[in-house]
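Reviewing the structure listed below.
The values are calculated or read from the model by the stated rules, or taken from the named source; none is laboratory data. Only a predicted model underlies this, so the values are computations on that prediction, with no experimental measurement involved. Reconstructed Cβ throughout: ideal geometry from the backbone, glycine too, with neighbour counts over all protein chains shown. To get the accessible areas, we keep the full protein, side chains included, count just its heavy atoms, and leave off ligands, DNA and RNA. Shrake-Rupley method; radii C 1.70, N 1.55, O 1.52, S 1.80 Å.
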Amino acid sequence: MPKHYRPAGKKKEGNAARYITRSQAVKYLQVSLSLFRKLCILKGIFPREPKKKVKGNHHTYYHTKDILFLKHEPLLEKFREMRAYEKKIKKAVSKKNRDLAERLLTRKPSYTLDMLIRERYPKFIDALRDLDDCLSMVHLFAALPAVEREKIPVNRVHNCRRLGHEWQAYIARTHKLRKTFISVKGIYYQAEIDGQKITWLTPHALQQVLPDDVDYNIMLTFLEFYETLQAFVNFKLYHSINVKYPPILDPRLEALAADLYALSRYFDNRASTAESSTTSFSETDVSKDQGEGPNYDESELRLAQLQQQIPSNEPGALMHLVQNATETDEDDSETRECKTLFKDVKFFLSREVPRESLLFVIPAFGGSVSWDGEGAPFKETDQNITHQIVDRPTQGHKFLSREYVQPQWIYDCVNARILLPVEEYIVGRIPPPHLSPFVDNEAEGYVPEYAETIKRLQAAARNEVLPMPGVGKEDLDDPQNLLVEGVLDRAEAIEAATKKRKMSVLQKQYHDELKKELRSTQISTASDGNKESVPEHVDAGEDSLPDLSQISKDADSMSKIVMPRKKQKLLKAMEIGKERKQASVDRLKERKRKIEEGKKSGK
């Protein structure tokens, strides 16, 4: 009898019991493949990779416990009920019973994903950690066209657009935006909420072409879950700052495609209403204590509050609502810095610039902004405008009281957290390179020239003293105090650099002495007759002694030989990664050298 023989009907063990193939799972649940895929997406169940694939390498495996979770899922029964109901409708239509078919369509069963959100994200911080893909998917479908053949309805696109604008309005009014970067794929944003960094991608405002090799049914299933998750997150965030959700927008601004500005107006109106309601309630409390206050009905109070929230003579609805609600002392230093970056700056956007992105970024850093069109808060002829954002080769009519800059200036200022000089960003000039804030230049091994320029500007803006070449930061005891006292000058900096060089020379001498001790060389200087023979003896000893670098190489090779094969592969992959990084750094340096040579030859 073989060692691993198992009689027929005996209980399975090991991977055969822990994992199940996809075809077995579909047969076990008695559902179609599309419905099984939809259930897995909604429940967050993904395929596994067992160490030993019992049925072969060409199968997809799932954990048996995950399939049991799907078996007891209430949504499975709801889907079966909906499928049976669709058969009733189809039967009524085939029998030409129109009244019964219409009556059945009006009572068609539906389902919600609220319990799944509560199940997958027990805490709010869990939902924030999983919000990156959700935001990217919602903003993607907000920019897609509604296509009937791909089953992308108009209401789904409008709902995604509304959810995206509500999220951006909250981020802008609470000043939680931290980084932004424009790439070929779109515009990257990064916000920080409750200590969690959330990064998402929004496509450019261009006509989107739907490729044929994408399964939109799967993407729409993900979108269905993400829409519910985003609505839950927006609800929680709005209520955390005492703002009613969902917001009520001005239909005129919605018709003008100024949803984000409408949200800002809604925030402002809500904030002013909160202040007025608190003062009115305090007055009524005092009058009740004095016995003079009339007894108002609760419905009348709610109607009065609603009339205050939505004034008829003022357009707008959403982003300024939480301006006063978010001005608390609990903001951290980074939020306060972001809040005051564009504090005294007033922007005007030309027609050709990306309006939605700038309407989101500028208020997030404390600036006021308007645009060319209906519903704008102020016109182009306003004399208080300090900067006008233009993205065209030339500008005809110019106001002398304002600066005309390209849109990249806004994003570079946001990433640098200072107002950069506008000379490099004026109209008609090629702007400096747009550096990504998501790349650590020190870790990559290559620091661009413009990054060093921005670092110097940041130090000058914060009244800091950068160390001179050859002087480390540890040599400056307290640069701020030294700058205030007026003690730090060029002579002291040179003296510190000299001291550091002396320390390096002494350290080198110390290492040389250690090497001599290792070689165990004994030089005798007792008699004059041996003076000539000593150098020959020393040279012979040096030739016979092994090289220290060779010893280290041999030790490294020996350690690699002793390593297990798995760790050897890992070490080899790390070395390949370092070589690729160094190759990319060398390529960038070579490209920079060629550009500089071209500039010199052109002059």
Item to check | Order of exposure, largest accessible area first, which applies to His158, His165 with probe 1.4 Å | outcome: His158, His165
Item to check | Stokes-Einstein D in µm²/s, Kirkwood radius over Cα pairs - region 114-246 at 4 °C with 1.567 mPa s viscosity | outcome: 83 µm²/s
Checklist entry - Taking H as built 1.01 Å from N, whose amide H comes closer than 5 Å to the amide H of Arg48, not counting residues under 5 places away? => result Tyr61, Tyr62, His63
Checklist entry - Residues with amide H under 5 Å of Ser368's amide H, sequence separation 5 or more or different chain, H placed in the peptide plane at 1.01 Å from N; which? => result Val345, Phe347
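Over region 20-72, give the accessible area per residue in Å² for a 1.4 Å probe, as an integer.
Using a 1.4 Å probe on heavy atoms only, each residue of region 20-72 averages 63 Å².
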Next on the checklist: So, taking all protein chains as they sit and a 1.4 Å probe, how much accessible area belongs to Asp126, in Å² rounded to tens?
Outcome noted: 40 Å²
Checklist outcome for this item: Note: region 558-603 at 37 °C, 0.692 mPa s; Kirkwood Rh on alpha carbon pairs; Stokes-Einstein D in µm²/s works out to 248 µm²/s
Checklist outcome for this item: Under a 1.4 Å probe, counting only protein heavy atoms, Cys40 has an accessible area in Å², nearest 10, of 10 Å²
Checklist outcome for this item: When the charge dipole of region 20-72 is computed with +1 at the Cβ of Lys and Arg and -1 at the Cβ of Asp and Glu, the Cα pointing farthest to the positive end, of Leu39, Thr21, Leu68, is that of Thr21
Next on the checklist: In whole Hz and in residue order, list the ³J(HN,Hα) couplings for region 160-171 that follow from phi through the Karplus curve 6.51 cos²θ - 1.76 cosθ + 1.60, θ = phi - 60°; x for Gly and Pro.
Outcome noted: 5, 5, 5, 5, x, 5, 5, 5, 5, 5, 5, 4
Item to check | Anchor Lys499: lysines whose Cα lies under 18 Å away (excluding residues fewer than 8 positions away in-chain) | outcome: Lys473, Lys508
Checklist entry - Residue by residue through region 365-380, which ³J(HN,Hα) values in whole Hz follow from phi under the Karplus form 6.51 cos²θ - 1.76 cosθ + 1.60 (θ = phi - 60°), with glycine and proline marked x? => result 10, x, x, 10, 9, 9, 9, 8, x, 6, x, 6, x, 8, 8, 5
Checklist entry - Of all the accessible heavy-atom surface of region 20-72, with the other protein chains kept in place and a 1.4 Å probe, what percent is carbon and sulfur? => result 54 percent
Checklist entry - Roughly how many Å² of Arg336 are accessible to a 1.4 Å probe, to the nearest 10? => result 120 Å²
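With a 1.4 Å probe and all protein chains kept in place, how do Glu166, Glu86 rank by accessible area, largest first? All intermediate terms of the calculation are to be shown ahead of the outcome.
On the way: Glu166 5, Glu86 90 Å².
Greatest to least solvent exposure: Glu86, Glu166.
Roughly speaking, to the nearest percent, how much of region 558-603's 1.4 Å accessible area is carbon and sulfur? Could the numbers behind the result be given before it?
Working: 2590 of 4490 Å².
The value for region 558-603 is 58 percent carbon and sulfur by accessible area.
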Item to check | Computed magnitude of the charge dipole of region 20-72 (debye, nearest 20; Cβ of K, R +1, Cβ of D, E -1) | outcome: 120 debye
Checklist entry - So what is the relative contact order of region 114-246, in percent, for Cα pairs below 8 Å that sit 6 or more residues apart? => result 30 percent
Checklist entry - In terms of modelled amide H atoms, which long-range or inter-chain residues lie less than 5 Å from the amide H of Ile152? => result Val147
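With every protein chain kept in place and ligands, DNA and RNA left out, what is the accessible area per residue of region 114-246? Probe 1.4 Å, answer in Å². Please list the in-between numbers first.
Working: 6470 Å² over 133 residues.
In whole numbers, region 114-246 has 49 Å² accessible per residue.
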Checklist outcome for this item: Judged on accessible area alone, 1.4 Å probe, highest first, Lys236, Lys346, Lys197 line up as Lys197, Lys236, Lys346
Checklist outcome for this item: Karplus-derived 3J(HN,Hα) from phi for region 117-128 (6.51 cos²θ - 1.76 cosθ + 1.60, θ = phi - 60°), whole Hz, x at Gly and Pro, runs 5, 5, 6, 7, 10, x, 10, 5, 5, 5, 5, 5
